[in-house]
Amino acid sequence: PDVDKGSEKPSEADMDKFIESQRKTYIRRDNAGVVAKIDEKKWNTPAPRGAITSWLRSHFGTARELDDEDFASVIPRLREKLITKNVAVEVADDVCKSVEKTMSSTKLGTFDSLQGAVEKSMIEALRRILRPKREINILREVAASKAKNRPYSIVLCGVNGVGKSTSLAKLTYWLQQSNYSVLIAAGDTFRGGAVEQLEVHGRCLNTPVFQMGYAVDPSAVAKGAIAQATKTNADVVIIDTAGRMQDHESRMRALAKLIHDNQPGLVLFVGEAIVGNNGIDQLRKFNQCLHDFTPMNCPTRGIDGLILTKFDTIDDKVGAAVSMVYELGQPIVFVGVGQTYQDLKVIEEDVVVSALMA
């Protein structure tokens, strides 16, 4: 049935059939028909590979003695190679400066000695970039909030069409797997069909959806959802928001207001892993707008972490993950690796580094 806003409401029987078909799409089962759990740290397929080490070997060739020309050529070519892997220009420059500094104090020798120095320097630079300013442990924070008899709230934000709703559903499924109850808040009161889309996910997940319809203040929706969760003893409220471009001032102000008024435990930016420098610009401006549009004389609040979608489609272009952490200084909390609710992974520092280097 058509679940878009403005369509004729389907019968309950038709809706049940539709929900059952959606469950088959979103919930993966094994060959025995048992619902698969999320194993967020296990990768069923190899993580994407950037093959920088192999490129270094092919660049220098055999174990001959190196000369000044080798040193002069490797940095710009390494920079170019990083950029082709979706590493943002400023991040590639940062990594190359670290490598150049190492090389400047390295005696001329064979390829093997230089390769080791360059590779070690790159790994150190990438780890430094990926090391977050804060650790995000959602389960620990939910437990702490539950101990105080109040729901833990999470806001998801980002531009249009990056997979916020699906990410919200995956996060809900992951929390349910840890025996936490979730209330979904339909805070996208702008896009037609957004509320109905969340209600479909809610029914697939057997999770309530709090909604106030369209053309209402999203901050009021978030506030109402948190109040409802408090009343019903729900453990977590996940608040969806309208997709918006970072230069749309009125909608950015509405998002900043929602965050300021409701003080969520976590604000996550949902972005695509396949984007290049444009995605970095989106993230930078999004975060800056949240700070700029905070009401006067109030503490500012920005983005706390990242969810990267479509991570299974990027092949060897793993650099966007590095670039976004570099820009924000906050961690990647999850990556999406498919369309089912179980396709959610934690991507740790060494996973990204090895994926780019191996």
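The values are calculated or read from the model by the stated rules, or taken from the named source; none is laboratory data. Because the structure is predicted, anything quoted here is derived from the model rather than measured. Note: ideal-geometry Cβ built from the backbone for every residue, glycine included; neighbour counts use all protein chains shown. Surface accessibility is based on the protein's heavy atoms, side chains included, excluding ligands, DNA and RNA. Shrake-Rupley method; radii C 1.70, N 1.55, O 1.52, S 1.80 Å.
A few comments on the model shown:
- Of the criteria (1) in contact with a Ser or Thr (Cβ under 7 Å, 6 or more places away or on another chain); (2) in contact (Cβ under 8 Å) with a residue 60 or more places away in the chain; (3) closer than 22 Å to ALA227 by Cβ; (4) β-branched (Val, Ile, Thr), which one ILE154 fails: (1)
- Hey, LYS257 closer than 21 Å to VAL335 by Cβ and modelled with pLDDT under 95 or not: no
- Scan of region 120-151 for residues that are free of Cβ contacts under 8 Å to residues at least 60 places away in the same chain, assigned to a helix (DSSP H, G or I) and surrounded by fewer than 21 Cβ atoms within 10 Å (Cβ to Cβ), ordered by number: LYS120, SER121, GLU124, ARG128, LEU139, ARG140, ALA143, ALA144, ALA147
- Residues in region 268-313 that are touching a strand residue (DSSP E or B) at 6+ places or on another chain (Cβ under 9 Å), more than 20 Å from ALA92 (Cβ to Cβ) and outside any helix (DSSP H, G or I): LEU268, PHE269, VAL270, ARG301, GLY302, ILE303, ASP304, GLY305, ILE307, THR309, LYS310.
- Selected residue (only one of ALA220, ALA225 is free of Cβ contacts under 8 Å to residues at least 12 places away in the same chain, open to solvent by less than 60 Å² (accessible area, probe 1.4 Å) and not basic (Lys, Arg)): ALA220
- Residue within region 229-250 that is open to solvent by 50 Å² or more (accessible area, probe 1.4 Å), on the phi > 0 side of the Ramachandran plot and either outside any loop (DSSP other than H, G, I, E, B) or in contact with a Ser or Thr (Cβ under 8 Å, 6 or more places away or on another chain) (or both) present: yes
- Selection count where residues are open to solvent by 10 Å² or more (accessible area, probe 1.4 Å) and touching a Ser or Thr at 6+ places or on another chain (Cβ under 9 Å), scope region 317-342: 4
- Residues that are over 10 Å from the mean Cα position of the chain (by Cα) and of a type outside the set (S, T, N, Q) were ranked within region 326-343; the one that is nearest to GLN22 (Cα to Cα) is TYR341.
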